[in-house]
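Throughout, read-outs are computed from the coordinates displayed, never taken from laboratory work. Remember, it's a predicted structure, so these values are computed and weren't measured experimentally. No Cβ is skipped: glycine too gets one built from the backbone with ideal geometry, and neighbour counts run over all protein chains shown.
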Amino acid sequence: MLRVGLTGSIGVGKSFVAGVLAELGCQVLDADLTAREVVEPNSIALKKVVAEFGAEVLQPDGSLDRARLGALVFGDAQRRATLNSILHPYIIARQDELLREWEAVDPYGIAVVDAALMIESGGYKRLDKLIVVHCRPEVQLQRLMSRNSLSREEAEKRINAQMSQDEKKKFADYLIETSEGFDDTRRQTEKVYGALTVELKQNPRRGE
C-alpha cells in the first residue's frame, strides 16, 4: 500500500482535495477524527492532558472541552508545543493501526493521511509521499475570514500561528494550488492521483 500524507495551512482547501482523492478511490484518514478518538473520556492521553493543563479542560461529563483547551494554548507557542508532544504519539499510533488494517484488506491501494500538522509533528517522515495544498496568501485570508466569520486581524493571527505556506511547500513531493477554484483544483488532484498510481505500480514492494 502506498502511504501518502496530505497537508496544508488553514483555509487553503485541503478538505476539498481530500474529498476528491476519496472519490478517486483512495482510503482517506482524517487526523482530526483520530485526534478526537485518542482523547475520549478515561483515555490515557486525556488523563495526561488533564495532568498538564488542569481539570478545567474537562466538560462536566468528563469529555475534553476543546474550546477551553484551545483558548489556553492558542496564543502560547510553548503550551501548544507541550500539548502536541502529549497527543501526537497517540495520534500517530492510532493512524498506523488503521493503515495496517487497510493494508491487510487492500495491499495495492493508496492510503491518504490528511493532517494539518503533519510536517510540524514529523509524522510525514513515516509516509511514502507528501502532498502539500496551497493557495495565494490573499485567497487564503479571504477564505478564512469568510468561512469562520473572522476579522482580518483575527484571520491573520491564525495564519501567522502556523508554519508558513512557503515553508511547507519545501517538503512536498506533489503540490496542489487551489487559488483558481474547484474545477482547476480537481484537475490538479486527478493528475497527482495518476502520478501516485504510477508510483505504486513502479514500486510493487509497497503492496507486499
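Could you give the size of the charge dipole of the chain about its Cα centre, using +1 on the Cβ of each K and R and -1 on the Cβ of each D and E, expressed in debye and rounded to the nearest 20?
So the dipole magnitude of the chain works out to roughly 360 debye.
Need the list of aspartates and glutamates near K125 for cross-linking: C-alpha distance under 18 angstrom, and skip anything on the same chain fewer than eight residues off.
Those aspartates and glutamates meeting the cut-off are D30, D96, E97, D114, E167, D173, E199.
Determine which lysines satisfy two conditions relative to K129: a Cα distance under 29 Å, and not lying fewer than 8 residues away in the same chain.
Result set, ordered by chain and number: K14, K168, K169, K170, K191, K201.
Could you work out the relative contact order of the chain, using alpha carbon pairs under 8 angstrom and six or more residues apart, expressed as a whole percent?
Numbers: 274 pairs, mean separation 78.3, N = 208.
Reported as a whole number, the value is 38 percent.
Taking only DSSP H segments of four or more residues, each worth -39500 (n - 2.57), what value at 222 nm results for the chain once the sum is divided by all its residues, to the nearest 500 deg cm²/dmol?
That calculation yields -17000 deg cm²/dmol at 222 nm.
With every atom except the alpha carbons ignored, what do you get for Rg and Dmax of region 2-207, in angstroms?
Computed over the Cα atoms of region 2-207, radius of gyration and Dmax are 17.9, 53 Å.
Alpha carbon centre of region 75-118 versus region 1-21: separation in Å?
Using only Cα atoms to place each centre, the spacing works out to 14 Å.
Can you compute 3J(HN,Hα) from phi for each residue in region 156-165, using the Karplus curve 6.51 cos²θ - 1.76 cosθ + 1.60 with θ = phi - 60°, rounded to whole Hz and x for Gly and Pro?
Going residue by residue, I get 4, 5, 5, 5, 6, 6, 9, 4, 5, 4 Hz, with x marking Gly and Pro.
Which net charge results when you count Lys and Arg as +1 and Asp and Glu as -1 among the other residues whose beta-carbon is under 12 Å from that of T178? Show your work: numbers first, answer last.
Working: positive: K14, R136, R143, R186, R187; negative: E177, E180, D183, D184.
Local charge sum for T178: +1.
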